[in-house]
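Taking it in order: structure first as structure tokens, then the write-up.
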Amino acid sequence: METKFDALVIGAGTGGMCAAARLAHKGYKTLLVETHDRVGGRASTREVDGFLLNTGALVIEIGGAVEQTLNDVGVKLNLFVPKPATELLIGNKHLNADGGFVGWIRNQAPNILNFITKILPPFKPKKGESTAEWLRKFTKSKFIHGAVSNVIGAMFAASSEDLPADVFLHYFTKGSAFKKIGLAPGGTVEVWKSLLPVIEKNGEVWLSSSVKKLTFNEHGLVNGAEIERNGKIVTISTNVVVSNAGPWATVQMAGEEHFPKGHYQKIERENRPAAIITIHFASQKPLAKFEGLALAAKTHRMVYAGNFSQPEQKRCPPGWYLYCAASVPKPAIGEFDLEEEKRLLIQDIKDYFPGFEEHGKILAIDVTAHEWPAQRAVTGFDQPMQTPVKNLWDVGDGAKPWGEAGTVACAKGAKIIVDEISERFPVKTAIPMPVPGKH
Ligand SMILES: Cc1cc2nc3c(=O)[nH]c(=O)nc-3n(C[C@H](O)[C@H](O)[C@H](O)COP(=O)(O)OP(=O)(O)OC[C@H]3O[C@@H](n4cnc5c(N)ncnc54)[C@H](O)[C@@H]3O)c2cc1C
């Protein structure tokens, strides 16, 4: 068994997959280790009663950092694009958010916001001001506050009271804001599975294996890891490590003594993950008129819903319709009353999916919170990607580039990290790699 690697990537979530694919593609002999028996982490897919249910992420941005990563390593992104892809639900009304008036507002909002904050400095968010506080300067309308809070819930898994206003403005004026989206046929896991051949061309992928401990040399650099594989501890050596386990898990694997005084406590104190509750349900009768992703303006808790029923999505047995509805609990960070939160989300499903009570069958209720959260850090409260150890980085949604969210943020972070690694720890054996699908 091979035990010497140029790079070790801990965890096969979005950030880990993108980092490992980029490293292997650049010629680093890469080992990717994943605790689960599948890749994708919180953007993966599992089977329940013949239906393919996502573990988290459902939509992928078209033309965003995930697609860029795949393109850079020679893989084509395969997405199904519903028409329209995003709709806004206002009571019984469905508004096309890709085009028409809502689409126009969506496209023009960044310019309007930019203009307002430029010509009227008092409307520029103050440092530390939440989006809700900032919005109250413009309006007290419950409808607008509710709609903005739901959009923030869908994009950031946080409430408008948690999200800093400068992050909100940056995301909608300069960031992608998921304007063009698609869904992966077979579930989101398929996006990451398409990167496996790239990694395996110049490395190994160990599933159902866990990194237990990082080892250090006398200069304070990581030089290897102890990994549990097939019930045994295997020791490997490596020049660089990228951890996708989250900053808190990374410091635990490394040990307090390898960081400056107070670092361990700081990461523990600032570890404030956000939550989402998702209910997947199916029916033999159609329950919704929207085609892909729906954002709801006025709800008890539901921030978005998804439709996975079209045969092109390859997600459900013939004759069935598959949906999800998701909520951000209150509070989004910390402890919440789970039974009450489930009750409120089910109430929204009954309101927005007529026929659910008669024909609907709940397949799964997933609570992504605490150590398996919706986002490891609310955008704006991330840890730095570079740890105080020179050859150890954190990738993923606990240490993402400022102002970004979701899979886009994880993929962008992976690119920044791999660029830093190739500058500071150039691969000794830079072999130009033949890449599948690239001619
Ligand atoms: C309900 C929900 C809906 C979402 N919707 C969207 C969406 O539509 N679009 C979008 O872009 N984003 C969405 N997101 C956010 C997105 O899913 C996450 O931001 C992203 O998947 C996080 O990826 P990550 O790189 O942080 O890795 P993670 O998903 O956290 O994966 C880390 C991996 O590391 C493994 N690991 C941990 N410790 C070890 C160890 N010691 N050894 C080996 N392996 C280890 C874990 O098993 C895991 O597989 C959603 C999230 C949720 C929860």
**Prompt:** How much area per residue is accessible in the chain when the probe is 1.4 Å and only protein heavy atoms are counted (Å²)?
**Reply:** 44
**Message:** To test your reading of the geometry: what angle, between 0 and 90 degrees and rounded to tens, separates the Cα axis of helix 14-25 from the longest principal axis of the chain?
**Reply:** 40
**Complete:** To the nearest 10 degrees, the tilt of helix 142-156 (Cα long axis) against the first principal axis of the alpha carbons of the chain is 20
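Hey, can you rank 275-281, 70-76, 257-263 by average C-beta count inside 10 Å, highest first? Display every interim value, and only then the final one.
Working: 275-281: 23.1, 70-76: 18.1, 257-263: 12.6.
The peptides rank, most packed first, as 275-281, 70-76, 257-263.
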**Fill in**
Counting only residues 5 or more apart in sequence or on a different chain, those whose built amide H sits under 5 Å from that of Leu363 are His280, Phe281, Ala282
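Once you keep just the Cα pairs under 8 angstrom separated by 6 or more residues, what percentage relative contact order results for segment 5-135? Before the final figure, lay out each step's value.
On the way: 124 pairs, mean separation 17.1, N = 131.
Computed over segment 5-135, the figure is 13 percent.
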**Item:** DSSP bridge pairs, the chain: antiparallel proportion in percent, nearest 5
**Value:** 70
**Request:** Can you grab the distance from the C-alpha centre of segment 322-374 to the C-alpha centre of segment 131-188, Å, no decimals?
**Result:** 19
**Asked** Taking segment 1-84, which GluC sites (Glu not before Pro) meet the DSSP loop condition and have no more than 13 other C-beta atoms within 10 Å?
**Response** Glu2
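Take the solvent-accessible surface of the protein heavy atoms, probe 1.4 Å, and return the percent of it on the chain that carbon and sulfur atoms account for.
Carbon with sulfur: 54 percent of the solvent-accessible area.
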**Prompt:** How about Lys285: which lysines have a C-alpha closer than 27 Å to its C-alpha, ignoring those fewer than 8 places off in the same chain?
**Reply:** Lys83, Lys93, Lys298, Lys314, Lys342, Lys350, Lys361
**Asked** Helix 100-119 versus the longest principal axis of the chain: what is the Cα-based angle in degrees, 0 to 90, to the nearest 10?
**Response** 70
**Request:** Please find, in a Gaussian network model of the chain (springs between Cα atoms separated by less than 10 Å), the residue of Glu404, Glu226, Glu339 whose mean-square fluctuation is greatest.
**Result:** Glu339
**Asked** Tell me which aspartates and glutamates have Cα within less than 18 Å of Lys400's Cα, excluding those fewer than 8 residues away on the same chain?
**Response** Glu61, Glu67, Asp162, Asp166, Glu268, Glu270, Glu371, Asp382, Asp419, Glu420
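The values are calculated or read from the model by the stated rules, or taken from the named source; none is laboratory data. For clarity, every value in this text was computed on a predicted model and none was experimentally measured. Using ideal geometry, Cβ is built from the backbone for each residue, glycine included, and neighbour counts are taken over all protein chains shown. Surface areas here come from the heavy atoms of the whole protein model, side chains and all, with no ligands, DNA or RNA. Shrake-Rupley method; radii C 1.70, N 1.55, O 1.52, S 1.80 Å.
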